[in-house]
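What follows is a set of notes on a single structure, which appears directly below.
The values are calculated or read from the model by the stated rules, or taken from the named source; none is laboratory data. In this text, all values refer to a predicted model and were calculated from it rather than measured experimentally. A quick note on method: Cβ atoms are made from the backbone with ideal geometry, for glycine too, and the neighbour counts reach across all protein chains shown. The area values use the complete protein model at the heavy-atom level, side chains included, leaving out ligands, DNA and RNA. Shrake-Rupley method; radii C 1.70, N 1.55, O 1.52, S 1.80 Å.
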Amino acid sequence: MTTNPPKDAPNAAPVRHVEVAIAGAGFGGLCMAIKLKEAGIHDFVVLEKGAEVGGTWRDNQYPGAACDVQSHMYSYSFAPKNDWSKRYAPWSEIQQYMLDVTERYQLRPHIRFGQEVTSAVFDDRTGRWTIKTAAGDTISAHHWVLASGPLHVPAIPKIPGLENFKGKVMHSAQWDHGYDLRGKNIVSIGTGGSAIQYVPEIAPFAKQLYVFQRSAAWVIPRDEREYGLLRKKLFAALPITRTLHRWRCYWTNESRVWPIFNPWMAKIGEMGLRKLVRMQVKDPALARKLTPDYTLGCKRILISNKWFPAFNRPNVSLVTEGIQELREHSIVTRDGVERPADCVILGTGFVVDPRIYMKSFELRGRKGHTLQEDWKTSPTSYLGISTANYPNMYQLVGPHTGLGHNSIIFMIEAQADYIVKCLKLVQDQKVDYIDVRPQAQARFLAEVTQALKGTVWQTGCKSWYQTAEGINFAIWPKSTWKYWLETRHVNLGDYDLVCCGGVRPVQVQRSEVATA
């Protein structure tokens, strides 16, 4: 339903009223939309800042872009794909899968493109959220879901002289396919998940490729096998075979938690990977520079068969000295060496701390609470889904739910199912909103903090899993099946169910609420 603007504001856009608003049309937002439709909730809107669905996979189109989770695990369990081309699909195939799912579940009528959410304010009197977008639209929602994900704001390093550089500058998530790299002196900054994929692909075209490394990455071999035609037909004819294959992938991934929880086991794995580097990199001194000095798993483990061999090329150089400045046509390191540069590629990842990428985003909950103030120490939420004092607001891939060993799609599905249960609870109990209790959120944080102790993530390295202060806010430090168990039911003892009676909210007595 849409209301007309008041007479004293003839130019104001009408306010659209919906039951649920979803911010983001990536894997999380699409999953949430599908789960709502399956639950019989059709009064919702998906607000997407881009011009198409896909999120990360729409934006990351750099050469060699592919997933580091097996294709059959990096897809919805309820929307399987029989004909994945290979074990680890390229970005284009994943993006096409998301486009196909969007059409299959008829989601386009619910999606509004070019609608970047800039503000969300909760009204204590009505129990509704007022959401505004950069396009000037206003949405009044009973519930809203933040499904933008942590990998959508490119991290641009502050390099002295970057603004004066006369050549081409592009981030890996904003790749300019119209720019010809052939015969160019290319500077690639960063050695993370994106760089290890595009560096081997562009190296043959470069006159000289300088790869700037701050810290080496642990890299394991990649299974590049393709699925044959007979295998694809078998998956289609006998879905049970596809299901069993998916479960095999799941438990194979899940077994990786053992070295994560037991650093001594990770040390054993390091021995084999050190040998792999020495085998694949001809120059012993270069091999040492490409070998990490931190525990395996402390930072994201990368997957590639091409990364190390790329450094055997005469036109590829590894640079480990810090950057001093960029000049108009060159880059200078702190040791005084100047190298020619026609193009600078920023393989520097994303801003994952929501306190930074949401710093200009107004998010106001009950009684004047703001997320910037409540997350001053570190981002934290109950189950990574609900945040105290922000009723009827939910997150997908929120704090403490990122993974270092398995598919995030598994977590997203568990979260979306949980959110639907919360929505149904509000509806069934005839209340205006549900708000997680601060004590429950604090208890959850304490449990996560305790679980992190003794893991590889606490062995001293610095990673994007952490805040600048060194607090690990991103990772789920347990098995994914344990998270699934924790989100199977809504624990009413951890929530307040509230009716808005006039100006003052009235809390529903717990004895009046049936167990979910």
| task | Hey, can you grab everything whose amide H is under 5 Å from the amide H of Arg327? Only 5+ residues off in sequence or another chain; H modelled, so Pro and N-termini drop out. | result | Val332
| message | Take Glu103 and Ala468, extend 7 Å from each Cα along the Cα→Cβ direction, and tell me the distance between the two endpoints in nm. | response | 4.6 nm
| task | Provide the per-residue ³J(HN,Hα) series for the stretch 218-233, in order, calculated from phi with Karplus coefficients 6.51, -1.76, 1.60 and θ = phi - 60°, each as a whole number of Hz, with x at glycine and proline positions. | result | 6, 10, 10, x, 10, 7, 9, 5, 8, 8, x, 4, 5, 5, 5, 5
| said: Could you give each residue of the stretch 342-359 its phi-based ³J(HN,Hα) in whole Hz, using Karplus coefficients 6.51, -1.76, 1.60 with θ = phi - 60°, and x for Gly or Pro? | reply: 9, 8, 10, 10, 9, x, 9, x, 10, 7, 9, 7, x, 5, 8, 6, 10, 5
| message | Take Arg274 and Glu224, extend 7 Å from each Cα along the Cα→Cβ direction, and tell me the distance between the two endpoints in nm. | response | 2.8 nm
| note | With 0.36 nm assigned to each residue of separation and the Cα-Cα distance removed, Asp180 to Thr370 gains 63.8 nm
| How much of the accessible area of the chain, in percent, comes from carbon and sulfur atoms when a 1.4 Å probe is used? | 54 percent
| note | So the compactness index of the stretch 88-146, its C-alpha Rg divided by 2.2 N^0.38 Å, takes the value 1.52
| remark: Under the rule rounded for a/c under 1.5, else prolate if a/b exceeds b/c, else oblate, using alpha carbon gyration tensor axes a ≥ b ≥ c, the stretch 341-387 is classed as prolate
| request: Could you rank the peptides 422-430, 183-191, 212-220 by their average count of other C-beta atoms within 10 Å per residue, with the highest value first? | output: 183-191, 212-220, 422-430
| note | Scaled by the rule-of-thumb 2.2 N^0.38 Å, the alpha carbon Rg for the stretch 10-69 gives a ratio of 1.46
| message | Using only alpha-carbon positions, what ratio does the radius of gyration of the chain give when scaled by 2.2 N^0.38 Å? | response | 1.03
| said: With a 1.4 Å probe and all protein chains left in place, how much accessible area per residue does the chain have, in Å²? | reply: 45 Å²
| note | For the stretch 180-304, shape from the Cα gyration tensor axes a ≥ b ≥ c, cut at a/c of 1.5 then a/b versus b/c, turns out oblate
| remark: Once Thr118 and Asp494 are pulled to full extension, the length gained, defined as 0.36 nm per residue separation minus their Cα-Cα distance, is 132.4 nm
| message | With every protein chain left in place and a probe of 1.4 Å, what is the accessible surface of Glu93, to the nearest 10 Å²? | response | 30 Å²
| Segment Ser479-Lys37, extension gain: residue separation times 0.36 nm, minus the distance between their alpha carbons | 156.2 nm
| remark: Per the C-alpha gyration tensor (a ≥ b ≥ c, the square roots of its eigenvalues), the stretch 82-240 is rounded if a/c is under 1.5, else prolate if a/b beats b/c, else oblate; here it's oblate
